[in-house]
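Enquirer: Below is the structure I would like to discuss, written out as structure tokens.
Just so it is clear, none of the values below were taken in a lab; they were calculated from the coordinates. Here the structure is a predicted model, which is why all the values come from computation and not from measurement. Positions of Cβ are backbone-derived with ideal geometry, glycine not excepted, and every protein chain shown enters the neighbour counts.
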Amino acid sequence: MIDVTRLNGSGITVNSDLIETVEETPDTVITLTTGKKIIVKESRQNVKNLVKSFKRECNSIERL
């Protein structure tokens, strides 16, 4: 799960396993596998980094 910020400033936690695409149009739009779209303040690269960090964290927990 990653925490991102909607354009109105409210936070939302997104299941990173459901992310299908992340586009900058110029707003960053996260499209989920369910078809739902979420517009967020974070850049596409920042969302990518959040997902990578979360996956790394999950993998390190599994190895303990």
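Enquirer: Based on DSSP H runs of at least 4 residues, each adding -39500 (n - 2.57), what is the mean residue ellipticity at 222 nm of the chain after dividing by all its residues, to the nearest 500 deg cm²/dmol?
Expert: -11000 deg cm²/dmol
Enquirer: By how many degrees, between 0 and 90 and to the nearest 10, does the Cα long axis of helix 44-63 differ from the longest principal axis of the chain?
Expert: 20
Enquirer: Could you give the length gained by full extension between residue 5 and residue 49, i.e. 0.36 nm per residue of separation minus their alpha carbon distance, to one decimal place?
Expert: Between residue 5 and residue 49, full extension yields an extra 14.4 nm.
Enquirer: Given +1 on the Cβ of Lys and Arg, -1 on the Cβ of Asp and Glu, and no further charges, what dipole in debye does the chain carry about its Cα centre, rounded to the nearest 20?
Expert: 80
Enquirer: Would you kindly work out the equivalent ellipsoid of the chain from its C-alpha gyration tensor and give its semi-axes, the square roots of five times the eigenvalues, largest first in whole Å?
Expert: 22, 12, 11
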